[in-house]
1. Mind grabbing the base-10 log of I(q)/I(0) for the stretch 60-201 at q = 0.17 Å⁻¹? Debye formula, identical points on the C-alpha positions, no solvent, two decimal places.
2. What FRET efficiency comes out for residue 214 versus residue 85 if R0 is 45 angstrom and r is the Cβ-Cβ distance? Round to the nearest 0.05.
3. Going highest first, how would you order 223-229, 166-172, 253-259 by mean Cβ packing within 10 Å?
4. Which semi-axis lengths, in whole Å and largest first, follow from the square roots of five times the eigenvalues of the Cα gyration tensor of the stretch 11-255?
5. In nm, to one decimal, how far is the modelled label at residue 129 from the one at residue 273, with both set 7 Å along Cα→Cβ?
6. Ranked highest first by average number of other Cβ atoms within 10 Å, how do 87-96, 12-21 line up?
7. Which of the peptides 32-44, 276-288, 52-64 is most tightly packed, and how do the rest follow, judged by the mean count of other Cβ atoms within 10 Å per residue?
């Protein structure tokens, strides 16, 4: 990319902008020339992020509110209105707001489940719903595609079935699916929707990531190392990138493949349809030594595959 600011004149809404990834992404977008609408729960930290951006010569306004609150559907409308009132347009949406309520599936409460799904998945939906409706209308008026970017925040937890995080993993799987569906549904209007699965040391993941390296050493899990990919996906250079999911941390970025069929089985019965016996005949060969009773299955459960990690990486995905 050349030295020109890639996002000069563009307007971006960032949720979860007060701290961690959201703050790092907001500052990076501002340095690239974007004008910002910062969203988070009401706090001094959000105001401080806006002040830092304006002190550096950028533009930022704060639109506080809980995007995940089922009673705050109006927050999505408020964020769009804030962008239009302050800057007259919306070009970029970065969904980052999140929360953790970790617990094993057998001891998780309904509230712990609902809170995480509400903030992560419902929050992504609310903002995306109003942004895409706006871009669709703009596209109709323009008679063609408009500039529109969505960067969502998923997690490797949905790939690995992170133990103790059934709510978080389910929400992040939903966000990946929402991203791909949005990309396929809205591409004709100019929308480019992608997701990241970041590993970063933030207040939300501090208990999982361990302490940072000694002062002066490069921290590969610092949120600032994730932000460049977000800026790129929000830029004109990412015009041909749509419906992708990236795992990213430090100097590493990996593009995930969509789920695919690993193996196909055919029923070996007289009419070619499945019976209990033909299922056992097919799967028994594919999974040798499969236990024949729930007791055996419990005692011989396999250890799930896990994403390779560097020594400095977290014990669990972000």
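Here, each number is a calculation from the coordinates, and none is a lab measurement. Note that the coordinates shown come from a computational prediction; the quantities given were computed from them, not determined experimentally. Please note: Cβ atoms are built from the backbone with ideal geometry, for glycine as well, and neighbour counts cover all protein chains shown.
1. -0.93
2. 0.45
3. Numbers: 223-229: 20.7, 166-172: 23.6, 253-259: 10.7.
The densest-packed peptide leads the list: 166-172, 223-229, 253-259.
4. Whole-Å semi-axes of the equivalent ellipsoid: 26, 21, 18.
5. 4.2 nm
6. 12-21, 87-96
7. Result, highest mean first: 32-44, 52-64, 276-288.
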